[in-house]
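The values are calculated or read from the model by the stated rules, or taken from the named source; none is laboratory data. Keep in mind the model is a prediction, meaning the values are calculated, not measured. Cβ atoms come from the backbone with ideal geometry, glycine included; neighbour counts cover every protein chain shown. Just the protein is used for accessible areas: all its heavy atoms, side chains included, with ligands, DNA and RNA removed. Shrake-Rupley method; radii C 1.70, N 1.55, O 1.52, S 1.80 Å.
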Amino acid sequence: MSDHSDNQFDDDKKISALYRAGSTAQPPAHIDQAIRAKARRSVKPIPQRARPPWAMPASIAAVLILSISLISLIHKEAPTVSDISSGAPLSVMPNEEQGNETIAEKETQIQRPAAISKQKTQQSGIEISDDQASPEPINESIDMLQTRRQKTEANKPSPLPQRSLASTKTEKGLAADSSMESNNATARQLRQRTVPQPGSQSPMPEFSGLTGTAEKFSAESKKGRHSENTKSCELLTHKACLDAEECSLVMNNQKVLVCNRSMNHCDAGFVQRSDTKQSCEAKQGCVYVSEPCTCPPDTACICDKNQLPQCQPKKIP
Amino acid sequence: MIHDNNDENLMLRFSHGDVAAFDVLYERHRAPLFRYILKKTRHNNALTEELFQEVWSNLIRAREQYQPSARFSTYLFQIARNRIIDHVRRVSVRPVSDPETNHEDIANANNHDPDRHAHSVECIEQLQAHISRLPDEQHETFILKYEGEHNLGHIAEITGVTLETAKSRLRYAMKKLRELMPEECL
């Protein structure tokens, strides 16, 4: 059995050897060359295009130009309160129907508080130069006025040393009819600016003159528009403040009456002097509150029957 | 230059653009592949050259897709086998044996000993004739075993059969050749 297997193995080896002996065929040389050439062609590196030397500086310059133009565009399209107070023209959307007169009128209205300051300053005995009396940026006028008043109050003996600037303003404001008129004009101006004219686009938040919803107020507040008139409210007399829809007369922690810009959808549009409980509570989530109003002695107090009506958001228990 | 020069590494190098690696691979496999195709086409030289070029062209074209999941020679012979099958399907004619075409091969073998030469040539001719008459499966298995120097596992992989089937085909082929070959040749 093993001999038979060995024979078979030997035979297989001989067959294999014979086969290999007869297998000497080779591919022709021209085929070898053709195949090798094809392999070389297939891996021939593709020459990379070199970047031109000006590519990098040009791209940097393009990025810089784009950035600068974008920044300047943003600055142009979003003016701040400081832009307005610096005397720059308002970037309100010009209404084609109203024309240039309306824009000019609005600019005059903005400048009017400066005139009020001038009048008040003259009444309080402070001499100001023509340059200062001329229409100035609102912020500068207010700050300057407040600083000077504080200095004046500190220097001259006062029967009411604790009197606040606000109450002083009230006193002075009520004493002078012209000042009252100016203040009322400012209140009207505020109302005009906030109440949208029929058929015109108002640059101010829509909630101002209407029964605005909380959502609208919130949305507009986020845009930061309502903060533009905060300074204007401070300029009002208490009486004018009570008539202004955009402002609310409130008693602060120091028991001093201050005219604040409306801070929520409830007091926005609420005229403290004339609006009723019903008109307040007609707004969703608002409650009418009549807070006690105490005035310092010897002052022409605005509090009517010692009550100061407020329209506030309902407090969630 | 080429340190780790097994077939698979050479092919990977070629796929990354190393032409020298291809030259080594080609030199290593050109003759066995050519003879495999030659035997499969039953010594049709023109067809063999055409298919031989096609196989290498396919390999060059698909070099970037090469994955060393199998032995390179298995991969190469699979391409060759598929090309031959495609050709047979295309012409729908079984390759015709042409034993006369391999006289040159036989004449080239053992030509250093004139006495043995005549005997060997005769034996080789007989062997070639018997091999060409083998059934296709056995014929292919025999060529892959002795031409491509593949083991049975690789033959099974190339031909797409089980190891047992490949082993069985080779056993039958060898048995038949032993029976047919004259004793003086063995």
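Test of understanding: among A:SER42, A:SER23, which residue is within 14 Å of chain B (Cβ to nearest Cβ) and either touching a strand residue (DSSP E or B) at 6+ places or on another chain (Cβ under 9 Å) or modelled with pLDDT under 80 (or both)?
A:SER23
One line per residue, one yes/no per condition, for (1) assigned to a loop (DSSP other than H, G, I, E, B); (2) modelled with pLDDT of 80 or more; (3) within 18 Å of A:GLU234 (Cβ to Cβ):
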site	(1), (2), (3)
A:PHE270	yes, yes, no
A:SER279	no, yes, no
A:TYR288	no, yes, no
A:CYS301	yes, no, no
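Say whether the condition of being under 30 Å from B:ARG28 (Cβ atoms), modelled with pLDDT under 85 and surrounded by 10 or more Cβ atoms within 10 Å (Cβ to Cβ) is met by at least one residue in region A:79-95.
No.
When you look at B:ALA31, is it modelled with pLDDT of 90 or more, open to solvent by less than 40 Å² (accessible area, probe 1.4 Å) and either touching a Lys or Arg at 6+ places or on another chain (Cβ under 7 Å) or away from chain A (no Cβ under 12 Å) (or both), yes or no?
The answer is no for B:ALA31.
Just the residues that are β-branched (Val, Ile, Thr) and farther than 15 Å from A:LEU236 by Cβ, please, taken from region A:258-268.
Passing the criteria: none in range.
Taking interchain pairs and intrachain pairs at least six residues apart, which have beta carbon atoms under 8 angstrom, with the first residue in region B:113-127 and over 11 Å from A:GLY22 (Cβ atoms) and the second at pLDDT 60 or above and among the charged types (D, E, K, R)?
B:HIS119/B:GLU184
Residues in region B:14-28 that are more than 7 Å from chain A (Cβ to nearest Cβ) and open to solvent by 10 Å² or more (accessible area, probe 1.4 Å): how many?
Number satisfying all stated conditions: 7.
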